[in-house]
Amino acid sequence: MLCLLALQACTAPPLPNLHPTAQETALIPPTLTLAMSDGAHIPLRLYPATTPKPRGIILALHGYGDSRDAWEFAGPTFTSAGFTLAAPDIRGFGQTADRGSWSSTARLVQDTREQVLWLHAHYPDTPIHVMGESMGGAIALLLATTDTPYIRSTILLAPAALNIGQPWESILGGMDVLAPHWKLDGSAVPGHRVASDNLKALRRMYFDPLTLHSSTIHPLYGLTLLMQAAYKAAPRARTPLLIIFGGRDQFVLPPFTARLLRKLPPDTRIDELPGAHHLLSRDRRGAAQDAVSWLAAPNRFLPSGGDIAAAAWKATAQTRTFP
(Lines give C-alpha, C1' and ligand atoms only; values in the text may rest on other atoms or scores of the structure.)
Protein backbone atom coordinates (compact mmCIF):
# COMPACT_ATOMS: atom_id res chain seq x y z
CA MET A 1 0.00 0.00 0.00
CA LEU A 2 2.82 2.37 0.89
CA CYS A 3 4.51 1.57 -2.43
CA LEU A 4 1.29 2.45 -4.27
CA LEU A 5 0.92 5.78 -2.49
CA ALA A 6 4.59 6.49 -3.08
CA LEU A 7 4.14 6.06 -6.85
CA GLN A 8 1.39 8.65 -6.75
CA ALA A 9 3.64 10.94 -4.72
CA CYS A 10 6.32 10.95 -7.44
CA THR A 11 4.73 14.04 -8.95
CA ALA A 12 4.65 16.08 -5.75
CA PRO A 13 8.17 16.52 -4.38
CA PRO A 14 8.75 19.34 -1.90
CA LEU A 15 10.60 22.15 -3.63
CA PRO A 16 12.43 24.80 -1.60
CA ASN A 17 12.31 27.60 -4.16
CA LEU A 18 8.83 28.08 -5.60
CA HIS A 19 9.61 30.72 -8.21
CA PRO A 20 8.95 29.01 -11.54
CA THR A 21 10.35 30.26 -14.82
CA ALA A 22 8.33 30.55 -18.00
CA GLN A 23 10.09 27.46 -19.32
CA GLU A 24 9.11 25.45 -16.25
CA THR A 25 5.44 26.37 -16.54
CA ALA A 26 5.23 26.12 -20.34
CA LEU A 27 2.26 24.29 -21.83
CA ILE A 28 3.63 22.75 -25.01
CA PRO A 29 0.81 21.82 -27.41
CA PRO A 30 0.63 18.26 -28.69
CA THR A 31 2.04 17.60 -32.14
CA LEU A 32 -1.18 15.81 -33.06
CA THR A 33 -4.18 14.07 -31.55
CA LEU A 34 -5.01 10.41 -32.13
CA ALA A 35 -8.59 9.12 -32.28
CA MET A 36 -9.07 5.83 -30.47
CA SER A 37 -11.58 3.16 -31.49
CA ASP A 38 -14.01 4.17 -28.71
CA GLY A 39 -14.01 7.83 -29.78
CA ALA A 40 -11.54 9.11 -27.18
CA HIS A 41 -8.82 11.51 -28.31
CA ILE A 42 -5.22 11.11 -27.15
CA PRO A 43 -2.78 14.06 -27.44
CA LEU A 44 0.65 12.97 -28.66
CA ARG A 45 3.94 14.83 -28.68
CA LEU A 46 6.64 13.95 -31.19
CA TYR A 47 10.32 14.39 -30.41
CA PRO A 48 11.71 14.03 -33.96
CA ALA A 49 15.02 12.36 -34.75
CA THR A 50 17.65 14.90 -35.75
CA THR A 51 19.39 12.53 -38.16
CA PRO A 52 18.59 12.61 -41.90
CA LYS A 53 16.78 9.26 -41.69
CA PRO A 54 15.25 7.91 -38.44
CA ARG A 55 16.64 4.57 -37.25
CA GLY A 56 13.47 3.84 -35.35
CA ILE A 57 10.43 5.30 -33.65
CA ILE A 58 9.78 4.70 -29.96
CA LEU A 59 6.29 4.82 -28.46
CA ALA A 60 7.14 6.31 -25.05
CA LEU A 61 4.66 5.76 -22.19
CA HIS A 62 4.90 7.93 -19.08
CA GLY A 63 4.29 7.13 -15.42
CA TYR A 64 1.39 7.82 -13.06
CA GLY A 65 0.54 11.52 -12.79
CA ASP A 66 3.01 12.37 -15.55
CA SER A 67 2.42 13.36 -19.17
CA ARG A 68 3.82 13.44 -22.69
CA ASP A 69 6.39 15.93 -21.39
CA ALA A 70 8.11 13.19 -19.35
CA TRP A 71 10.71 12.72 -22.10
CA GLU A 72 11.97 16.29 -22.39
CA PHE A 73 15.26 15.50 -20.64
CA ALA A 74 15.92 12.08 -22.16
CA GLY A 75 14.63 13.10 -25.57
CA PRO A 76 17.83 14.63 -26.99
CA THR A 77 19.78 11.42 -26.31
CA PHE A 78 17.32 9.44 -28.39
CA THR A 79 16.74 11.99 -31.13
CA SER A 80 20.44 12.68 -31.71
CA ALA A 81 20.95 8.91 -32.10
CA GLY A 82 18.29 8.76 -34.80
CA PHE A 83 15.24 7.70 -32.80
CA THR A 84 11.97 9.62 -32.88
CA LEU A 85 9.95 9.54 -29.66
CA ALA A 86 6.17 9.42 -29.96
CA ALA A 87 4.89 10.31 -26.49
CA PRO A 88 1.13 10.15 -25.84
CA ASP A 89 -0.75 11.37 -22.82
CA ILE A 90 -2.01 8.12 -21.32
CA ARG A 91 -5.78 8.14 -20.93
CA GLY A 92 -6.70 9.83 -17.64
CA PHE A 93 -3.52 11.92 -17.55
CA GLY A 94 -1.91 14.90 -19.22
CA GLN A 95 -4.36 16.76 -21.43
CA THR A 96 -6.81 13.93 -22.06
CA ALA A 97 -10.49 14.75 -21.63
CA ASP A 98 -10.91 12.34 -18.71
CA ARG A 99 -7.90 13.63 -16.80
CA GLY A 100 -7.94 12.38 -13.21
CA SER A 101 -10.13 9.36 -13.93
CA TRP A 102 -9.32 5.74 -14.76
CA SER A 103 -10.58 3.53 -17.56
CA SER A 104 -9.32 -0.05 -17.25
CA THR A 105 -6.21 -2.14 -17.76
CA ALA A 106 -7.66 -3.60 -20.96
CA ARG A 107 -8.46 -0.15 -22.37
CA LEU A 108 -5.00 1.24 -21.65
CA VAL A 109 -3.38 -1.73 -23.39
CA GLN A 110 -5.80 -1.39 -26.30
CA ASP A 111 -4.98 2.32 -26.63
CA THR A 112 -1.29 1.45 -26.84
CA ARG A 113 -1.92 -1.26 -29.41
CA GLU A 114 -3.86 1.21 -31.57
CA GLN A 115 -1.04 3.73 -31.26
CA VAL A 116 1.48 1.13 -32.49
CA LEU A 117 -0.76 0.37 -35.47
CA TRP A 118 -1.10 4.10 -36.21
CA LEU A 119 2.67 4.55 -36.11
CA HIS A 120 3.17 1.64 -38.51
CA ALA A 121 0.56 3.05 -40.89
CA HIS A 122 2.32 6.43 -40.96
CA TYR A 123 5.93 5.20 -40.73
CA PRO A 124 5.74 1.82 -42.50
CA ASP A 125 9.46 1.51 -43.16
CA THR A 126 10.63 2.55 -39.68
CA PRO A 127 11.17 -0.01 -36.88
CA ILE A 128 8.84 0.52 -33.92
CA HIS A 129 9.86 0.04 -30.29
CA VAL A 130 7.84 0.55 -27.10
CA MET A 131 9.30 2.13 -23.96
CA GLY A 132 7.48 2.67 -20.69
CA GLU A 133 8.39 4.15 -17.33
CA SER A 134 6.81 3.06 -14.04
CA MET A 135 3.06 2.77 -14.82
CA GLY A 136 3.92 3.10 -18.50
CA GLY A 137 6.33 0.20 -18.04
CA ALA A 138 3.48 -1.97 -16.78
CA ILE A 139 1.43 -1.11 -19.86
CA ALA A 140 4.41 -1.76 -22.16
CA LEU A 141 5.03 -5.13 -20.51
CA LEU A 142 1.39 -6.16 -20.93
CA LEU A 143 1.47 -5.09 -24.58
CA ALA A 144 4.58 -7.24 -25.08
CA THR A 145 2.53 -10.30 -24.07
CA THR A 146 -0.07 -9.74 -26.81
CA ASP A 147 0.00 -10.49 -30.52
CA THR A 148 0.40 -6.80 -31.43
CA PRO A 149 2.44 -6.75 -34.66
CA TYR A 150 5.36 -4.53 -35.68
CA ILE A 151 6.97 -4.20 -32.21
CA ARG A 152 10.71 -4.81 -32.53
CA SER A 153 11.51 -4.52 -28.82
CA THR A 154 10.32 -3.27 -25.43
CA ILE A 155 12.21 -1.13 -22.91
CA LEU A 156 11.05 -1.06 -19.29
CA LEU A 157 12.23 1.80 -17.08
CA ALA A 158 11.60 1.02 -13.39
CA PRO A 159 8.37 -0.76 -14.35
CA ALA A 160 5.56 -0.76 -11.80
CA ALA A 161 4.76 -4.44 -12.33
CA LEU A 162 4.09 -5.84 -8.88
CA ASN A 163 1.55 -7.34 -6.56
CA ILE A 164 0.95 -5.27 -3.43
CA GLY A 165 -0.55 -8.34 -1.76
CA GLN A 166 -3.07 -8.77 1.03
CA PRO A 167 -4.54 -7.23 3.06
CA TRP A 168 -3.73 -4.04 1.15
CA GLU A 169 -5.43 -5.09 -2.08
CA SER A 170 -8.69 -5.88 -0.27
CA ILE A 171 -8.50 -2.69 1.77
CA LEU A 172 -8.02 -0.56 -1.32
CA GLY A 173 -10.78 -2.45 -3.13
CA GLY A 174 -13.13 -1.74 -0.24
CA MET A 175 -12.16 1.92 -0.22
CA ASP A 176 -12.85 2.03 -3.96
CA VAL A 177 -16.41 0.88 -3.25
CA LEU A 178 -17.03 3.10 -0.22
CA ALA A 179 -15.07 6.26 -1.06
CA PRO A 180 -13.85 6.17 -4.69
CA HIS A 181 -13.57 9.96 -4.84
CA TRP A 182 -11.53 10.37 -1.66
CA LYS A 183 -8.62 12.58 -2.65
CA LEU A 184 -4.97 11.89 -1.81
CA ASP A 185 -1.78 13.77 -2.53
CA GLY A 186 1.89 13.32 -1.72
CA SER A 187 1.35 14.33 1.91
CA ALA A 188 -0.32 10.95 2.50
CA VAL A 189 3.07 9.23 2.23
CA PRO A 190 5.17 9.27 5.42
CA GLY A 191 8.85 10.11 5.19
CA HIS A 192 10.83 11.73 2.41
CA ARG A 193 11.40 9.96 -0.90
CA VAL A 194 13.54 11.12 -3.80
CA ALA A 195 12.19 10.45 -7.29
CA SER A 196 15.31 11.91 -8.94
CA ASP A 197 18.30 14.01 -7.96
CA ASN A 198 17.88 16.05 -11.14
CA LEU A 199 16.38 19.15 -9.52
CA LYS A 200 15.93 20.94 -12.84
CA ALA A 201 13.87 18.05 -14.19
CA LEU A 202 11.84 17.77 -10.98
CA ARG A 203 11.02 21.48 -11.03
CA ARG A 204 9.83 21.23 -14.62
CA MET A 205 7.68 18.22 -13.72
CA TYR A 206 6.29 19.99 -10.65
CA PHE A 207 5.33 23.18 -12.48
CA ASP A 208 4.27 21.55 -15.76
CA PRO A 209 0.52 22.25 -16.10
CA LEU A 210 0.05 18.72 -17.45
CA THR A 211 1.31 17.07 -14.24
CA LEU A 212 -1.37 15.58 -11.99
CA HIS A 213 -0.41 16.26 -8.37
CA SER A 214 -3.21 14.44 -6.58
CA SER A 215 -5.41 11.42 -7.12
CA THR A 216 -8.60 9.85 -5.90
CA ILE A 217 -8.92 6.28 -4.65
CA HIS A 218 -10.45 4.90 -7.85
CA PRO A 219 -7.47 5.55 -10.16
CA LEU A 220 -5.10 4.22 -7.49
CA TYR A 221 -7.12 1.02 -7.27
CA GLY A 222 -7.06 0.82 -11.06
CA LEU A 223 -3.29 1.23 -10.94
CA THR A 224 -3.13 -1.67 -8.47
CA LEU A 225 -4.97 -3.94 -10.91
CA LEU A 226 -2.73 -2.81 -13.79
CA MET A 227 0.45 -3.48 -11.82
CA GLN A 228 -0.78 -6.89 -10.73
CA ALA A 229 -1.79 -7.86 -14.28
CA ALA A 230 1.63 -6.88 -15.63
CA TYR A 231 3.41 -8.82 -12.89
CA LYS A 232 1.40 -11.98 -13.53
CA ALA A 233 1.81 -11.68 -17.32
CA ALA A 234 5.58 -11.07 -17.23
CA PRO A 235 6.65 -14.64 -18.16
CA ARG A 236 4.58 -14.42 -21.37
CA ALA A 237 6.41 -11.43 -22.89
CA ARG A 238 7.06 -12.06 -26.59
CA THR A 239 9.32 -9.20 -27.63
CA PRO A 240 13.00 -8.67 -26.84
CA LEU A 241 13.14 -6.92 -23.45
CA LEU A 242 15.48 -4.49 -21.75
CA ILE A 243 14.68 -3.65 -18.13
CA ILE A 244 16.52 -0.77 -16.44
CA PHE A 245 16.16 -0.03 -12.74
CA GLY A 246 17.88 2.23 -10.26
CA GLY A 247 19.74 1.03 -7.20
CA ARG A 248 18.26 3.93 -5.21
CA ASP A 249 14.64 3.52 -6.35
CA GLN A 250 12.49 4.44 -3.33
CA PHE A 251 9.17 3.85 -5.10
CA VAL A 252 9.42 0.39 -6.69
CA LEU A 253 11.43 -1.17 -3.88
CA PRO A 254 14.10 -3.89 -4.31
CA PRO A 255 11.89 -6.81 -3.19
CA PHE A 256 9.37 -6.01 -5.93
CA THR A 257 12.11 -5.69 -8.54
CA ALA A 258 13.65 -9.00 -7.47
CA ARG A 259 10.32 -10.79 -7.80
CA LEU A 260 9.70 -9.31 -11.24
CA LEU A 261 13.16 -10.28 -12.50
CA ARG A 262 12.45 -13.88 -11.51
CA LYS A 263 9.28 -13.87 -13.63
CA LEU A 264 10.60 -12.21 -16.79
CA PRO A 265 11.77 -14.41 -19.71
CA PRO A 266 15.33 -15.69 -19.20
CA ASP A 267 16.70 -13.79 -22.21
CA THR A 268 15.63 -10.41 -20.78
CA ARG A 269 18.51 -7.90 -20.75
CA ILE A 270 18.93 -6.56 -17.21
CA ASP A 271 20.52 -3.20 -16.47
CA GLU A 272 21.01 -1.76 -12.98
CA LEU A 273 22.16 1.81 -12.44
CA PRO A 274 23.42 1.79 -8.82
CA GLY A 275 23.03 5.52 -8.12
CA ALA A 276 19.81 6.07 -10.05
CA HIS A 277 16.38 6.83 -8.61
CA HIS A 278 12.89 5.96 -9.84
CA LEU A 279 12.33 8.52 -12.60
CA LEU A 280 14.90 7.19 -15.04
CA SER A 281 13.54 9.39 -17.84
CA ARG A 282 14.91 12.34 -15.89
CA ASP A 283 18.02 10.69 -14.48
CA ARG A 284 21.59 11.73 -15.21
CA ARG A 285 23.11 8.26 -14.81
CA GLY A 286 22.84 6.92 -18.32
CA ALA A 287 19.46 5.18 -18.66
CA ALA A 288 18.78 6.82 -22.02
CA GLN A 289 22.31 6.12 -23.26
CA ASP A 290 21.98 2.46 -22.27
CA ALA A 291 18.62 2.20 -24.04
CA VAL A 292 20.05 3.72 -27.23
CA SER A 293 23.06 1.39 -27.08
CA TRP A 294 20.84 -1.67 -26.66
CA LEU A 295 18.60 -0.63 -29.55
CA ALA A 296 21.60 -0.14 -31.82
CA ALA A 297 23.56 -3.24 -30.74
CA PRO A 298 21.61 -5.57 -28.42
CA ASN A 299 24.57 -7.86 -27.75
CA ARG A 300 27.05 -5.13 -26.85
CA PHE A 301 27.93 -4.30 -23.25
CA LEU A 302 25.98 -1.29 -22.01
CA PRO A 303 27.96 1.95 -21.65
CA SER A 304 26.98 2.44 -17.99
CA GLY A 305 28.32 -0.96 -16.97
CA GLY A 306 24.80 -1.81 -15.85
CA ASP A 307 25.14 -5.40 -17.08
CA ILE A 308 27.83 -6.10 -14.51
CA ALA A 309 26.02 -4.16 -11.79
CA ALA A 310 22.81 -6.09 -12.50
CA ALA A 311 24.60 -9.43 -12.25
CA ALA A 312 26.02 -8.41 -8.87
CA TRP A 313 22.62 -7.10 -7.76
CA LYS A 314 20.88 -10.36 -8.70
CA ALA A 315 23.51 -12.42 -6.89
CA THR A 316 23.03 -10.31 -3.77
CA ALA A 317 19.25 -10.39 -4.09
CA GLN A 318 19.29 -14.18 -4.13
CA THR A 319 20.79 -14.17 -0.64
CA ARG A 320 18.03 -11.94 0.75
CA THR A 321 14.56 -12.94 1.84
CA PHE A 322 12.30 -11.62 -0.90
CA PRO A 323 9.22 -13.89 -0.76
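For (1) within 17 Å of T154 (Cα to Cα); (2) touching a strand residue (DSSP E or B) at 6+ places or on another chain (Cβ under 8 Å); (3) of a type in the set (S, T, N, Q), each residue gets a yes or a no:
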| residue | (1), (2), (3) |
| --- | --- |
| T224 | no, no, yes |
| F245 | yes, yes, no |
| F251 | no, no, no |
| R259 | no, no, no |
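Scanning the stretch 124-171 for residues being touching a Cys at 6+ places or on another chain (Cβ under 8 Å), buried (at least 22 other Cβ atoms within 10 Å of the Cβ) and not small (G, A, S) gives a total of 1. Selection of first residues in the stretch 98-110 that are more than 15 Å from Q228 (Cα to Cα) and of second residues that are of a type in the set (F, W, Y) and buried (at least 17 other Cβ atoms within 10 Å of the Cβ), restricted to Cβ pairs under 9 Å at least 6 apart or on distinct chains, gives the following pairs, ordered by first then second residue: R99/F93; G100/F93; W102/Y221. The residue of the stretch 226-266 that is nearest to A291 (Cα to Cα), among those that are modelled with pLDDT of 95 or more, among the small types (G, A, S) and surrounded by fewer than 23 Cβ atoms within 10 Å (Cβ to Cβ), is A233.
Candidates A140, A70, A158: the one that is more than 20 Å from L261 (Cα to Cα) and of a type outside the set (S, T, N, Q) is A70. If you go through the stretch 250-296 and keep only what is among the hydrophobic types (A, V, I, L, M, F, W, C), more than 17 Å from Q228 (Cβ to Cβ) and touching a Cys at 6+ places or on another chain (Cβ under 8 Å), you end up with just L279. Is it true that some residue in the stretch 111-123 is within 20 Å of L226 (Cα to Cα), touching a residue at least 12 places away in the same chain (Cβ under 8 Å) and of a type in the set (D, E)? Yes; the residues of the stretch 111-123 include at least one that is within 20 Å of L226 (Cα to Cα), touching a residue at least 12 places away in the same chain (Cβ under 8 Å) and of a type in the set (D, E).
Could you please let me know if R203 is at pLDDT 95 or above and either more than 16 Å from the chain's Cα centre (by Cα) or among the charged types (D, E, K, R) (or both)? No. Scanning the stretch 82-105 for residues that are crowded, with 20+ Cβ neighbours inside 10 Å, within 29 Å of R284 (Cβ to Cβ) and among the small types (G, A, S) yields A86, A87, G94. In summary, strands (runs of 3 or more DSSP E) completely within the stretch 24-72 and bearing 2 or more residues that are without any contact (Cβ under 8 Å) to a residue 60 or more places away in the chain and either loosely packed, with under 14 Cβ neighbours inside 10 Å or out of contact with any helix residue (DSSP H, G or I) (no Cβ under 7 Å at 6 or more places or on another chain) (or both) occur at 32-35, 41-47.
If you filter the stretch 267-308 down to residues that are of a type in the set (D, E) and assigned to a strand (DSSP E or B), you find that the one that is surrounded by the fewest Cβ atoms within 10 Å (Cβ to Cβ) is E272. Between L178, L210, L199, the distinction of being among the hydrophobic types (A, V, I, L, M, F, W, C) and crowded, with 17+ Cβ neighbours inside 10 Å belongs to L210 only.
Okay, residues lined up against (1) among the small types (G, A, S); (2) over 19 Å from Q110 (Cα atoms); (3) at pLDDT 95 or above; (4) more than 13 Å from the chain's Cα centre (by Cα):
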| position | (1), (2), (3), (4) |
| --- | --- |
| S37 | yes, no, yes, yes |
| I42 | no, no, yes, yes |
| A49 | yes, yes, yes, yes |
| G56 | yes, yes, yes, yes |
| A60 | yes, no, yes, no |
| R68 | no, no, yes, no |
| E72 | no, yes, yes, yes |
| T77 | no, yes, yes, yes |
| S80 | yes, yes, yes, yes |
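Applying the criterion of at least 2 residues that are over 23 Å from W71 (Cα atoms) to the strands (runs of 3 or more DSSP E) found wholly in the stretch 138-230 leaves 183-185.
The values are calculated or read from the model by the stated rules, or taken from the named source; none is laboratory data. It should be emphasised that the depicted structure is a prediction, and the values quoted were computed from it without experimental measurement. Glycine gets a Cβ as well: all are built from the backbone with ideal geometry, and neighbour counts include every protein chain shown.
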